[in-house]
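Asks: First, the structure itself, so that you have it in front of you.
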Amino acid sequence: MTDPIVPPAKLPPAWFMHAFWRVHRVLNRLTGGRLLWKDGGKRGWGAMRLTTVGRKSGRARSVIIGYLQNGPDVIAMAMNGWDEGDPAWWLNLEAHPDAVVQLPHQSPRPVHARRAEGAEHDRLWKRWAEVDVGLDSYAALRTNDTPIVVFEPRDVA
């Protein structure tokens, strides 16, 4: 039995995706986070606010990104709206892995970010693919690898 032919992924224009996330970030700020999506809903994944330290500026930088809960950890894909290259927030985390995440209806919490590797990466990618059935076809549009980022709780003294 052969696998069905999967049509190539079709994405909205990059300007639309970037504008969507900018508007979502503004609405999130104005409503105190009440508009963040929880994971497990009809989308299957949630949206969280991530605050990193800028690798060049040293200033706080906040974005809204998709996430899945993985036990006490939170996982995200470091993609740039499926555009080429890595997103600025991931480059910031590579330079300064300590960050703050805010999940829907929760207080901000400190985390330490790291890239999933090997079998862990494969397991977490498969988990994302269960939620986003077009994941592999979207990833095929990019020439670079899409890192899976694990945000582990961090104790603050």
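Asks: Looking at the stretch 68-89 only, could you name the residues that are in contact (Cβ under 8 Å) with a residue 60 or more places away in the chain and either touching a Cys at 6+ places or on another chain (Cβ under 7 Å) or of a type outside the set (D, E) (or both)? Quick ask: steps written out before the conclusion?
Replies: Kept after step one, since they are in contact (Cβ under 8 Å) with a residue 60 or more places away in the chain, are these residues of the stretch 68-89: 68, 70, 72-79, 81-84, 86.
L68, N70, P72, V74, I75, A76, M77, A78, M79, G81, W82, listed by residue number.
Asks: When both residues are 6+ apart or on different chains and their Cβ atoms are under 7 Å apart, which pairs have a first residue that lies in the stretch 119-147 and is closer than 18 Å to W90 by Cβ, and a second that is buried (at least 17 other Cβ atoms within 10 Å of the Cβ) and of a type in the set (G, A, S)?
Replies: L124/A116; T146/A78; T146/A139; P147/A78
Asks: Given the conditions (1) exposed (fewer than 14 other Cβ atoms within 10 Å of the Cβ); (2) closer than 14 Å to L68 by Cβ; (3) touching a His at 6+ places or on another chain (Cβ under 7 Å), and given that I148 satisfies all but one, which numbered condition is not satisfied?
Replies: (1)
Asks: Moving on to the next point. If the requirement is being surrounded by 15 or more Cβ atoms within 10 Å (Cβ to Cβ), in contact with a helix residue (DSSP H, G or I) (Cβ under 8 Å, 6 or more places away or on another chain) and at pLDDT 75 or above, which of these qualifies: G46, G54? Don't jump to the end; show me each part of the working.
Replies: Values: G46 fails: in contact with a helix residue (DSSP H, G or I) (Cβ under 8 Å, 6 or more places away or on another chain).
Of the residues listed, the single one that is surrounded by 15 or more Cβ atoms within 10 Å (Cβ to Cβ), in contact with a helix residue (DSSP H, G or I) (Cβ under 8 Å, 6 or more places away or on another chain) and at pLDDT 75 or above is G54.
Asks: Ok, one more. Could you tell me which of the residues E120, E84, E130, E94 is over 18 Å from M48 (Cα atoms) and either more than 16 Å from the chain's Cα centre (by Cα) or of a type in the set (S, T, N, Q) (or both)?
Replies: Going through E120, E84, E130, E94 in turn, the sole match is E120.
Asks: Something else now. Which residue out of P72, P4 is loosely packed, with under 12 Cβ neighbours inside 10 Å and either at pLDDT below 85 or hydrophobic (A, V, I, L, M, F, W, C) (or both)?
Replies: P4
The values are calculated or read from the model by the stated rules, or taken from the named source; none is laboratory data. This structure is a prediction, so every number in the text was calculated from the model and none was measured. A quick note on method: Cβ atoms are made from the backbone with ideal geometry, for glycine too, and the neighbour counts reach across all protein chains shown.
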